[in-house]
Amino acid sequence: MREHGALPPFSVRESTRAQRVILKIFPGKGLEVVVPAGFDRARIPSILHEKREWIDSVFRKIQHRVEPRSDASVLPRTVELKAVNRRYSVAYTRSHGGKTELIHLPDSRLELVGNVTDPKTCRELLHLWLKHQGRGQLIPWLHRLSQQTGLTCDRVQVREQKSRWGSCSSRGTISLNCRLLFLPPEWVRYVLIHELCHTVHLDHSPRFWDLVARLEPSYKALDADVNRAHHHVPSWALG
Ligand SMILES: [Zn+2]
């Protein structure tokens, strides 16, 4: 029995060299129908229906190949930013042609549209989004804490550091890791206070810890928590 479900999306290419209709299926690109010059395109759907079994079997094989790389750990269905108590759903919509894009929809919904079978592109777009969220959330948070504590910070940047949650340069520039958004808020607050204290003492001297302790009495436990916090980062957001 052949199924007569909807045809998969396909693109059509005219070739002067083609003598007959040729079907090509590429991973990540989908079905391409190559037709001889002047071919009546209205005939394409019936040809595809005839070849349906073959098309489906090739797509199944390709899907199997793609699957191990596009599982939930690589491409998330939800993104939870614990630091700011937000949860986003992520949808993937395949479309042909044009750039792959991440669209921000109402109600905390994200949608990736385009070549969504390419995990690398999807991940890059999600990383960019995460950095953008980091700037929008962590920088104002740091400024609020700066006002509350009286510790001034002239320059702050949000990056994707490999191994550090935050750092403070000798010029007083604080760099924050956008992956902090995956941690509980009290841990993030501690990291921000820790870095603000570095604008006064650049080292980890007793004077530095005295200042930290004054602003956050449970700093020891928080410091231990934060140092073990990397497992809170989902695997798609690593690397
Ligand atoms: Zn430090």
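Name the one entry in L142, L183 that is crowded, with 20+ Cβ neighbours inside 10 Å and under 15 Å from L81 (Cβ atoms).
On the way: L142 fails: under 15 Å from L81 (Cβ atoms).
From the options L142, L183, the qualifying one is L183.
On the given criteria, is C153 buried (at least 18 other Cβ atoms within 10 Å of the Cβ) and closer than 21 Å to Y88 by Cα? Before the answer, list the steps.
Working: buried (at least 18 other Cβ atoms within 10 Å of the Cβ): yes; closer than 21 Å to Y88 by Cα: no.
For C153, the condition - buried (at least 18 other Cβ atoms within 10 Å of the Cβ) and closer than 21 Å to Y88 by Cα - is not met.
Scanning the stretch 55-90 for residues that are β-branched (V, I, T) and modelled with pLDDT of 65 or more, which turns out nearest to Q137 (Cα to Cα)?
First, the residues of the stretch 55-90 that are β-branched (V, I, T): 55, 58, 62, 66, 74, 78-79, 84, 90.
Applying the additional criterion that residues be modelled with pLDDT of 65 or more yields 55, 58, 62, 74, 78-79, 84, 90.
Numbers: I55: 47, V58: 45, I62: 40, V74: 24, T78: 19, V79: 15, V84: 8, V90: 20 Å.
It comes out as V84.
Based on what the data block shows, is V191 within 11 Å of the ligand (Cβ to nearest atom) and among the β-branched types (V, I, T)?
Values: within 11 Å of the ligand (Cβ to nearest atom): yes; among the β-branched types (V, I, T): yes.
Criteria met by V191.
Quick one: count up the residues across the stretch 154-170 that are more than 15 Å from Q137 (Cα to Cα), outside any strand (DSSP E or B) and more than 16 Å from the ligand (Cβ to nearest atom).
2
Please go through the stretch 126-153 and pick out each residue that is closer than 14 Å to G166 by Cα and in a loop (DSSP other than H, G, I, E, B).
C153 - this is the single residue of the stretch 126-153 that is closer than 14 Å to G166 by Cα and in a loop (DSSP other than H, G, I, E, B).
Could you count how many residues in the stretch 201-220 are more than 12 Å from the ligand (Cβ to nearest atom) and either surrounded by 13 or more Cβ atoms within 10 Å (Cβ to Cβ) or within 19 Å of Q147 (Cα to Cα) (or both)? I'd like the intermediate steps shown before the answer.
Initial filter on the stretch 201-220 (more than 12 Å from the ligand (Cβ to nearest atom)): 206-207, 210, 213-218, 220.
Retained after the next criterion (residues that are either surrounded by 13 or more Cβ atoms within 10 Å (Cβ to Cβ) or within 19 Å of Q147 (Cα to Cα) (or both)): 213-217.
The total comes to 5.
Does K120 satisfy the condition of being assigned to a loop (DSSP other than H, G, I, E, B), closer than 30 Å to S89 by Cβ, more than 13 Å from the ligand (Cβ to nearest atom) and not β-branched (V, I, T)?
Working: assigned to a loop (DSSP other than H, G, I, E, B): no; closer than 30 Å to S89 by Cβ: yes; more than 13 Å from the ligand (Cβ to nearest atom): yes; not β-branched (V, I, T): yes.
Here the answer is no, as K120 does not meet what is asked.
The values are calculated or read from the model by the stated rules, or taken from the named source; none is laboratory data. Because the structure is predicted, anything quoted here is derived from the model rather than measured. When we count neighbours, we look across all protein chains shown, and the Cβ atoms used for this are built from the backbone with ideal geometry, even at glycine.
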